[in-house]
Amino acid sequence: MSTSASRFKVIEPFPVAGVDPKHTEDHQYWRGLQFPITIKEFGAVTNVAFQPTKPNFFAVSASTRVILYNPENNESVKTFSRFHDVAYGATFRRDGRLLVAGNADAKVRLFDVDGRVPLRIFKGHTRPVRVTKFCNNMKEIFSAGDDNSVRVWDIPTEKVLHKFDHHQDYVRCGCVSRNADNIILTGSYDHTVRMFDTRSDECTMIVNHGCPVESVLMYPSGSILLSAGGNRIKVWDVLQGGRLLATVSHHHKTITCLRFNHDCTRILSGSLDRHVKIYDVATYNVVHNIDYSAPILSLDVAHEDKTLVVGMADSMLSIRHRKQAVIKEQKEDEVLLSRRKRRQRSHFMGGQTFVPNQGDVIIHHKHKEQLEKYDVYFRKFEHGKALDAALIPQVHMNTPEITVAVFEELIRRDTIHAALAGKGEKKLSVLLKFLIRNITNISFAPVLMDVAEMVVDIYSQAIEDVPVSVINLFQRLRDIIRREGKLQIEMHKLLGCMDTIVSSNSQNIKQSDVDEATINASNTDPVSLKKS
Amino acid sequence: MKESLQIVQTGGSSITKFNSIFSHDSKYLLCPCGNLVKVFSVATGECFQRLNGHCKLVTMICHHPRVQLQILSSSLDGTVKVWDYEDGILLSTCDFNVPLLGIFAHSCYSTVAFVIQQSDDSNELYRFTLNTIPSKTSDIACSLLAKNVVKDCSKRIAFSEKFAVVSYSNRLLVFINPQHAERDEKIRHVLKDNAPAITCISCHPVEECFATGHANGEIRIWFNISDVKNVISSIQHWHSLEVLSLKFSSSGSTVLSGGHEGVLVQWLEDSKNFLPRLGSAITNVAVSKDSTLFAVSLLDNSILIITNYFTIKQTFDGFTAIGQNLPCGICYDSNTNACVTNGKPGHLLFYLPDKDIQLYNLDIVSRNFISSVDLEKPLSKTNILKVGFGGTFDGVKHMATMEFDQAKQRDEKLKFWRFSDTDQQWVLETIVKSPHDGCGITSLTFSPANNACVTTSQAGFAKIWFKHDEEGWLCEMSLSFRDLPCNDSTFSEDGSVLALAFGHTVCFCDISNNEEMQLMLSHSESIKSIFFGRQSCQHLLVAATSEELLCWNVMTKSMYWSSHIHKINFLICDIHSENMAVFTNSNKIFVFQPSDKQPHYSHNLSIDVTAACFVPSKNCDIAWQAKSELYLVSKEMSVHKFCVKSEVDDASNLSRMIIKSDQVTPMSNYLSSTQQKTAKTVNSNRLQETTVDDTLRYILDTPCHVLPSMSTLCDQFISSLLLQQPSDQSEDISKHNKNDNFEETEAKNDKKASKDEDLLEELEKRVEQVKVEDFEWIQPLCKRKLEEFSC
């Protein structure tokens, strides 16, 4: 008979400082992308573009070739290798049947997706052509490159229809308006984004981005455009003659590419700082972040955000597919199964189908609470064993906060010395490794520092008997604590610097407030005088 | 006025300090509680009767040897009183004129009882004859049995059918047939030198055998006790610490023992049963006559009723146990109308002072009770240092608690709780670990205007916490001033201004506009606590240093008044009226309003006040307590309040007023139906009150432009205030009232004068009965009526 008066209060996990990352809808949505598949290309992947129609292949421009990949099986379907130099900016036409690519040999080549040989070769640029895009009317293409010129070509005749020489430096990006046939937008290293109208052959709008422009985007409505350059994205209102609407700066290196998601509600930006950030178009706040292993040069998103393809500077191509929606029923089955497994623990589960008669007194079977191992030992006041139970790998690796809570409970019970003492080589090294791994964790540090001190106290008396491997661990612990101490000093210095900046800044603000107030006062005075 | 007030105990005190006993039918549990004996119903858990009559601590109770329904009680006031506990009637008193530490009686020796008298340095066990008629001191025939009885006698003396045992730390005296035995007729057993000291003793109910508990946790069973040389004792050992209580079951087949471990152990012939984790050290065990129930008294001032299957049947919680100094003081919770203070270790106690009822103990710290290995070095406990209640915003009420292990200087946690309406309980929302780096929190205040909370610490930081929907409570501002310790914080009544006491300076800031601190008031001495005035004194800030009470006008930034008070202990503020009260270390109380330097009321208290609280109440006769009553908690954890002297008797008759809530039986149903008839007349008065309230509310709720003219309304209104029971009379009175206002008409009614005087008296009585709540607004109404008449 061991019913207890009050429930045994189990060890609560040690509260960990810091707010959990928010699990917003966006978070979950973009988490739905699977682990990336990476493919090695022959050179830096400068451009990726999805075919707008089925079968939704994507073209990858890397080194001297353009390769078509099938997103279903991630295998290359076709390679266009008739380039004499590095190929740039391969993009599909709206109907998905033609593909155009620029080349470092200053020629623009037009391919049939099914063919191999270029259908047309547009000659006229004098330097490498970086940007090639189809115009909205499907009969023209525009190209731009390092010769500072933007040209519009007629596909049937291979002739130049328009030539714009307004840019002062390399043109590295451009796009066409989706709803207007004759609007072309280009960004250049001369820090400007220019909008050209083929009807008037003129530059209709110039905005200055402030640094070399690496990518431009235009909303489908054509009223707002985005430019990326340096580590910031700028949003411009076209209808108001290029008024700056917002500046977004979340990358710390140059942003190389910008894309809309499939329904233009999110913007994706890739940067040399190896992150892809996703913004909400309504607020221009970052809603999600995806990390990559190398500087990102290009990215594109497939129809319905099914696939995200990112090309990197170390000539790697990363493909992430969206997870298939898991059928819920299966999951429920699994849950049932696991429950059944758990039930097998209890010895007797008979009488499940029994229906009680009316008037029967029903006494519910009390399920015994399953305690964790360390709790069981704590209940029995076996503190040494409780500590051992908290230091088994699946506890201290997966849930270090539990192990720390056990330490704290031992301190509270004044039995930590007894529990720590007399450990063998194996257990002691596990304990020390745990300390080494977690002592720098800011939430655990106050408890673990005490524990480390006690461990050193206890085992320093008989340090001769301690094996060499454990002594090495002790030394590592000492080094880590030393390093942490130095880091803390540095951090405090930094904090001091920040404090001075913040306080001087706030003083400035105050001063400006005061100035404004005096101005207001001086303004109001004459009015009141007039009134009187 | 000042002289007529007196301080009266309304509740509190320890119910586990002295042994409690079961009634013979196991339906009631009787326990000494301060100057009272409380009778609890085992079935319902309510206090069913209070036996009030002793003027000092009741030390022990025992059953009357002859009469089943009577008990004897001994007290430090030197009397033994005989009670009928079911009816709560004091039957007789024997006065010994010496403080009595204990009383013993046994049904086997019907004419005698035994008392322990306290003399200067030793206690003595006396036998006296128990008469049926009330006896005076001279009649009591006392005969000395044993000298130098140990102080904690109730556990160390035991009586059974044939013998009595008195134990000292290392020897035992056995008296065979104690009703006749003389002082010399005793058998002495001496323990060996190295034997542990005896801590408690219990006699077998039938056999010649008894059990002793020892300081090292041993339990010894002694047989063959009449033989000096060949006494046999067997040793059982389970407890690791001192055995605090020991009892034979009434059949004698089992022994129950308890100690510091908080585990109840039942010793059977060859096995043991355990009931672990009772929550605190077990100080006493009582067994009912049929051995089906055990009452286990715990050190945390609660009694558990345990069945013989070792399940808990009932819990009686007392007020906070003695020995705590109530670090979080007393707070008023408007949700439950309860006072909130430290309860059991790590718990908050919700207590209704006006009814002396413990609502519940809320577990804040959530730790298991662990007894320390060494009693000399007790384990440090995490205490609740501060508690605060926020207002209700968006239908949610919040509470914040601050806990800290002061001895170990760790485990500092700030917890925010939310009252869940669906579950009707407090739900933990946010835990903040070491919010002030263990630097000693000094105050915790909620803003009355929004979901914000301020905590201040000795380290000189005031942190302001705001509630966020997703992340819970976050610190948004941290204020400090010249590294001075921040001693207190207070919000003005509308929540617009936060005042912080940094050392000797008070700073103000507006937390809603995120502004910098501004406007300082400073004083030469360190300010201990500050409060904004309420209602008409909103612009005044009262601050207490250790020697002075200061009042500033915040609008003009000037000192309003200051007053020198010797050694201020603490200052409290009533949130429902302008009153504030200050307590000194020499137990003086001054009640004052910030607008007036002169206190309304001052008193030299006879008790050591550890905490005090204003609790809203509407039916207090004392003028300055019109809106809320002041309750005081003494060092002995008894709850007191002020009473007009005439009321003292009423309060002492409180027991009569308690509604009997015993189990319902057919017989009790019948009895209650007969009682109801008599009660009806009383009830009708109550009904009257409610109807008056309804009409009042009706008139108040109706917009004034819809109401008929004042002149037509006034009559009805005034008559609605009166009791309608003798309807013709009340009309008469109202007429008379009108007449009173006109001298001419009064002259005509000269004949009636004598009759009217009687009526007037009656009227006054009735008006007293009617609630005198918010009738101030009626005055202009009446005035207008008068004017109309005079026109």
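Kindly check whether there is at least one residue in the stretch B:25-36 that is farther than 19 Å from B:ALA113 by Cβ and in contact with a helix residue (DSSP H, G or I) (Cβ under 6 Å, 6 or more places away or on another chain). There is no residue in the stretch B:25-36 that is farther than 19 Å from B:ALA113 by Cβ and in contact with a helix residue (DSSP H, G or I) (Cβ under 6 Å, 6 or more places away or on another chain). Residue count for the stretch B:272-295 satisfying the condition of being among the polar types (S, T, N, Q), part of a loop (DSSP other than H, G, I, E, B) and in contact (Cβ under 8 Å) with a residue 60 or more places away in the chain: 3.
Every residue, every condition in (1) closer than 28 Å to A:PHE378 by Cβ; (2) within 12 Å of chain A (Cβ to nearest Cβ), yes or no:
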position	(1), (2)
B:THR212	no, no
B:PHE223	no, no
B:ASN230	no, no
B:SER233	no, no
B:HIS237	yes, no
B:SER249	no, no
B:ALA286	no, no
B:PHE310	yes, yes
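Being at pLDDT below 90 and within 14 Å of another protein chain (Cβ to nearest Cβ) is a property that B:VAL265 lacks. Residues of the stretch B:50-69 that are out of contact with any Lys or Arg (no Cβ under 7 Å at 6 or more places or on another chain), in contact (Cβ under 8 Å) with a residue 12 or more places away in the chain and over 19 Å from B:ASN301 (Cα atoms): B:LEU51, B:ASN52, B:CYS55, B:LYS56, B:CYS62, B:HIS63, B:HIS64, B:PRO65, B:ARG66, B:GLN68, B:LEU69.
Take the stretch A:209-233 and flag every residue that is closer than 15 Å to A:CYS173 by Cα and either touching a Gly at 6+ places or on another chain (Cβ under 9 Å) or assigned to a loop (DSSP other than H, G, I, E, B) (or both). Correct list: A:HIS209, A:CYS211, A:PRO212, A:VAL213, A:GLU214, A:SER215, A:VAL216, A:LEU225, A:SER227, A:ALA228, A:GLY229, A:GLY230.
Here is a list: B:LEU352, B:LEU304. Which entry is without any contact (Cβ under 8 Å) to a residue 40 or more places away in the chain, of a type in the set (A, V, I, L, M, F, W, C) and under 23 Å from B:SER245 (Cα atoms)? On inspection, the qualifying residue turns out to be B:LEU304. A search for C-beta distances below 8 Å between a residue of the stretch A:283-305 that is under 12 Å from A:LEU272 (Cα atoms) and any residue that is surrounded by fewer than 17 Cβ atoms within 10 Å (Cβ to Cβ), counting only pairs 6+ apart in sequence or on different chains, returns A:SER293/A:ASP314; A:ALA294/A:ASP314; A:PRO295/A:LYS253; A:PRO295/A:ASP314. Of the helices (runs of 4 or more DSSP H) lying entirely inside the stretch A:370-469, those containing at least 1 residues that are among the β-branched types (Val, Ile, Thr), farther than 29 Å from B:LEU275 by Cβ and away from every other protein chain (no Cβ under 14 Å) span A:393-396, A:400-412, A:425-438, A:445-460. Could you tell me whether B:SER297 is away from chain A (no Cβ under 12 Å), under 26 Å from the mean Cα position of the chain (by Cα) and polar (S, T, N, Q)? For B:SER297, the condition - away from chain A (no Cβ under 12 Å), under 26 Å from the mean Cα position of the chain (by Cα) and polar (S, T, N, Q) - is met. Kindly evaluate A:SER223 against the criterion of being of a type in the set (Gly, Ala, Ser) and modelled with pLDDT of 90 or more. No. Entry remark, the stretch A:293-315: residues being in a strand (DSSP E or B) and touching an Asp or Glu at 6+ places or on another chain (Cβ under 7 Å) number 1 in total. Within the bounds of the stretch B:403-411, is there any residue that is of a type in the set (Lys, Arg), at pLDDT 85 or above and in a strand (DSSP E or B)? Scanning the stretch B:403-411 turns up no residue that is of a type in the set (Lys, Arg), at pLDDT 85 or above and in a strand (DSSP E or B).
Taking the stretch B:414-465 as the range and being buried (at least 19 other Cβ atoms within 10 Å of the Cβ), within 13 Å of chain A (Cβ to nearest Cβ) and charged (D, E, K, R) as the test, only B:LYS415 passes. Is it fair to say A:VAL48 is of a type outside the set (Ser, Thr, Tyr), assigned by TED's automatic domain parsing to the domain that holds A:THR91 and either at pLDDT 90 or above or outside any strand (DSSP E or B) (or both)? So A:VAL48 passes the test. The residue list A:HIS262, A:HIS250 contains one member that is surrounded by 18 or more Cβ atoms within 10 Å (Cβ to Cβ) and assigned to a loop (DSSP other than H, G, I, E, B), which is A:HIS250.
Could you check the stretch B:473-495 and list, in sequence order, the residues that are assigned to a strand (DSSP E or B) and more than 20 Å from B:ASP411 (Cβ to Cβ)? Of everything in the stretch B:473-495, those that are assigned to a strand (DSSP E or B) and more than 20 Å from B:ASP411 (Cβ to Cβ) turn out to be B:LEU474, B:GLU476, B:MET477, B:SER478, B:LEU479, B:SER480, B:CYS486, B:ASN487, B:ASP488, B:SER489, B:THR490, B:PHE491. Within the stretch B:554-586, being surrounded by 17 or more Cβ atoms within 10 Å (Cβ to Cβ) and polar (S, T, N, Q) holds for B:ASN569, B:SER577, B:ASN579, B:THR584. If the condition is being part of a strand (DSSP E or B) and free of Cβ contacts under 8 Å to residues at least 12 places away in the same chain, then the stretch A:62-101 contributes A:GLU75, A:SER76. When the stretch A:159-179 is filtered for residues that are of a type in the set (D, E, K, R), farther than 21 Å from A:ALA90 by Cβ and touching an Asp or Glu at 6+ places or on another chain (Cβ under 8 Å), only A:ASP169 remains. Residues of the stretch A:293-306 that are in contact with a strand residue (DSSP E or B) (Cβ under 6 Å, 6 or more places away or on another chain) and either aliphatic (A, V, I, L, M) or at pLDDT 90 or above (or both): A:ALA294, A:ILE296, A:LEU297, A:SER298, A:LEU299, A:ASP300, A:VAL301, A:ALA302.
The values are calculated or read from the model by the stated rules, or taken from the named source; none is laboratory data. The structure displayed is predicted, hence computed values, not measured ones. Cβ atoms come from the backbone with ideal geometry, glycine included; neighbour counts cover every protein chain shown.
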